[in-house]
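The values are calculated or read from the model by the stated rules, or taken from the named source; none is laboratory data. Everything quoted here is computed from the prediction, not taken from an experiment. In this analysis, Cβ positions are derived from the backbone assuming ideal geometry, glycine residues included, and neighbour counts consider all displayed protein chains. The area values use the complete protein model at the heavy-atom level, side chains included, leaving out ligands, DNA and RNA. Shrake-Rupley method; radii C 1.70, N 1.55, O 1.52, S 1.80 Å.
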Amino acid sequence: VVYEQEGVFIHSSCGKNDDQDNLIAGILRVIEKENEVVVDWRPLDETLDTSNILCAGKDSSSVVEWTQTPKEKCSRGADRPSSYEAEWDMVTTVSFKKKPHSNGDATTHANGESRWSFLFSLTDLKSIKQNKEGMGWSYLVFCLKDDVKLPALHFHHGDSKPLIKCLEKHVALNESPHDERVLLVKTQKSLSQSFENLFDEPSYGLLQKWKKDPYIVTMGKFSKVTNYIVGSLRSSDPSNQRRPPSEMADFLNDTIPGLKINQQEEPGFEVITRIDLGKQPEVSRREPVSAEEWAKNMDSEGRILDVDYIKRLIFKGGLCHTLRKEAWKFLLGYFPWNSTKEERANLQKRKTDEYFRMKLQWKSVSEEQEKRNSRLRDYRSLIEKDVNRTDRTNKFYEGEDNPGLILLHDILMTYCMYDFDLGYVQGMSDLLSPVLYVMENEVDAFWCFVSYMDQMHQNFEEQMQGMKTQLIQLSHLLRLLDSGFCSYLESQDSGYLYFCFRWLLIRFKREFSFQDILRLWEVMWTELPCQNFHLLLCCAILESEKQQIMDKHYGFNEILKHINELSMKIDVEYILCKAEAISMQMMNCKELPQTVSEILGIENSSVTPDSDTGEDESGAELSCPTSLYQSISAPVTAANGTRDGAQQMAETQSLTPA
């Protein structure tokens, strides 16, 4: 219970004299449960007749009645508190209408007044109307999203300001431009709430919330959701168990506006021309880069001698853990690759000052100031909730009052000052956690996180442009790699690859173990062997699971469940090898579609091995990704682990495109 106030009355007979018979005294509480915050008003009179309460379930499109026979009312008197609570645990909103009885009369109490009790979740709150100051008792009216207005609550002992202050810690309230007495709940499309409570919803309600905010649903235990979603996507008519692709396109387009993925299905016609990519080459990986190898590639002033070479080493094997604290600063762009040790020390001094100036901005905000800054309150509330749920099984973050958690919180709050427009969005703590774990330093972790967020920013923007683009690009790549598998997924309403949403949103953070994520991220940060290598990782995982999905004839529900259950079961080294092999397949392809070339950043060359015109016999330009091909195919190390300039030049000149 985060707020409790006695002396909150419902005036059951407006317009009459305020004698006691016309007032219902009650207690108002705000209760913070594990997955939601609820507002609960109950009368002090324990003889409340609950048969008059109409309870709207979490899916407000359907109203269920809580009815009791007179016999039940008597028999439940002694154990009423526990059973009463159990009943209310299944309720989120209450519609205040008298339930008609068979004789047509509404049930009333002996004094002729109806007695009401209500409880609703803050996620269902639309607005709050208050009376003007100085106009008698303070009162307010809650209006819910289904336009149900609850009875006015009159605060006879004190006023409603403490309640509003409490509610503002959980929802953003803005004054209505049309009526200064009305506070509107600001709807945010960010990942602003826990979605665990969605799992008990009827399919309709869940589907609507998924359409409204796919981030929230995706970040959860997706497998629990599937049975509900599939019931909504498929027709109840047994003769028509699968919705046509056109309807699925409408559904996904509503969810992510602008998401256009070709899903035509015409008998005897294949949309994409098949392109033979050839056999996937065998790819092996090397040992992680050692401290000795790193030091040998640095001059006396601390400059990296050969950036491309060291990136290739990291791509092929990752880094030993002792190197990560230094090397990640380069990979993420915090340290320039051509900087000296002295230049980096000066940079850190400047960045330290800049960081603590921003940190002071939110640290120095008084309670009075924060009352007038709803966005900052919202950011703080979200961060506090997410920090307490982030990687708590990792020793760096486990236990209560852990200094790692304090740093996680402070860095995320400071990022809100750095980028106040974006602020904090659920999922960002997942991206920061491994960075802080490696850096073990607040300032360095912040600036590395800033660099990472520069790459990931579009994933978290309100318009979801980054997620739209990546899903479309992934569809293009997968169709080129295996058009048959794509067709199968489409036949099961899964062609939009929405089950990859979480992979893309937080770069596989919840799919691999913590240590594997360190390896995966540092490999991706090399930006080798091509642009959007993370999309090829998605392709590698999906291709690895293709056989089981198709052989067992998985449908929509089973595909979603199967992909979700891969979490923590994927071999990171195997997937890295497979993704690299796919990249080599595509870069060696002479008929690579222009769209795929652009996604992977492969430039079309005007010169081919057997022609100086850049054209084959048909006149079409051929792809010649020389530099990228070298990045993969060049030997990554000599016997002694180093190479001189002449050796590197010889290797470069000896390589020609396939």
Cβ crowding within 10 Å averaged over residues, with 422-428, 175-181, 392-398 ranked highest first: 422-428, 392-398, 175-181
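Below 9 angstrom from the Cβ of Arg377, what's the summed charge of the other residues (Lys, Arg +1; Asp, Glu -1)?
+1
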Cut-off under 5 Å, modelled amide H: who pairs with Tyr139 long-range: Asn131, Phe155
q = 0.18, 0.21 Å⁻¹, region 465-600: log10 I(q)/I(0) [Debye, one scatterer per Cα]: -1.05, -1.45
Among 475-487, 590-602, 356-368, the order from most to least packed when residues are scored by Cβ within 10 Å on average: 475-487, 590-602, 356-368
Nearest-10 value in Å² for the accessible area of Arg42, using the 1.4 Å probe: 50 Å²
Computed accessible area, Ser290, all protein chains, 1.4 angstrom probe, square angstrom: 40 Å²
Accessible-area ranking of Ile406, Ile563, largest first, probe 1.4 Å: Ile406, Ile563
Qualifying GluC sites (Glu not before Pro) in region 328-357, DSSP loop, other Cβ atoms within 10 Å at most 14: none
Mean Cβ count within 10 Å, highest first, over the residues of peptides 570-583, 296-309: 570-583, 296-309
Region 293-415, Cα convex hull volume normalised per residue, Å³: 142 Å³
Region 168-180 - phi-based ³J(HN,Hα) in whole Hz, Karplus 6.51/-1.76/1.60, Gly and Pro as x: 5, 6, 10, 9, 8, 10, 10, 5, 5, x, 9, 8, 5
Integer Hz, Karplus 6.51/-1.76/1.60 couplings in order for region 33-39, x for Gly and Pro: 8, 4, 10, 7, 10, 10, 9
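Around Met439, with a cut-off of 15 angstrom between Cβ atoms, what is the net charge of the other residues, counting Lys and Arg +1 and Asp and Glu -1?
Charge balance near Met439 sits at -2.
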Long pairs among Lys325/Lys359; Lys359/Lys509; Lys311/Lys349; Lys126/Lys385; Lys329/Lys590, criterion Cα-Cα beyond 31 Å: Lys329/Lys590
Amide H within-cut-off set for Ala152, under 5 Å, with H built and near neighbours excluded: none
